[in-house]
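The structure appears right after this line, and notes come after that.
The values are calculated or read from the model by the stated rules, or taken from the named source; none is laboratory data. Quick caveat: nothing in here was measured; it's all calculated off a predicted structure. Glycine also receives a Cβ, built like all others from the backbone with ideal geometry; neighbour counts cover every protein chain displayed.
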């Protein structure tokens, strides 16, 4: 049951024999118990933690995104309709490889390893 200080993020269960009240009680109990661990983590960070990184994502290359969409979007849409998982993954891999090859051929400044 993953959660934060403020909320439970997700609950996975197949407890068909338990009532809704029992399940809710278990979730609330679990979240209360998580607070102990969360507080200990916060205390450790205060004592020994490093300052937060001032990380900024790279600027989005809108032209590249548009070109990828033009090359692959409709084909990917078709590929994701394939119900067989292995066949779907294989088709997505083909589309990815062909799209990267086309992009690199069109723009020699692009690196296939960075794209894929």
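Points to keep in mind about this one:
- Residue in segment 81-91 that is assigned to a loop (DSSP other than H, G, I, E, B) and within 30 Å of residue 110 (Cβ to Cβ) present: yes
- Complete set of residues in segment 1-25 that are assigned to a loop (DSSP other than H, G, I, E, B) and more than 16 Å from residue 35 (Cα to Cα): 11, 12, 13, 14, 15, 16, 17, 18, 19
- Residue match in segment 45-54 (condition: touching a helix residue (DSSP H, G or I) at 6+ places or on another chain (Cβ under 8 Å), outside any loop (DSSP other than H, G, I, E, B) and either more than 30 Å from residue 3 (Cα to Cα) or assigned by TED's automatic domain parsing to the domain that holds residue 3 (or both)): no
- For segment 81-97, residues that are surrounded by 11 or more Cβ atoms within 10 Å (Cβ to Cβ) and more than 18 Å from residue 63 (Cα to Cα) total 11.
- Residue 53, sole failed condition from (1) modelled with pLDDT of 90 or more; (2) within 22 Å of the chain's Cα centre (by Cα): (1)
- For segment 96-116, filtering for residues that are under 21 Å from the mean Cα position of the chain (by Cα), part of a helix (DSSP H, G or I) and without any contact (Cβ under 8 Å) to a residue 24 or more places away in the chain leaves 3.
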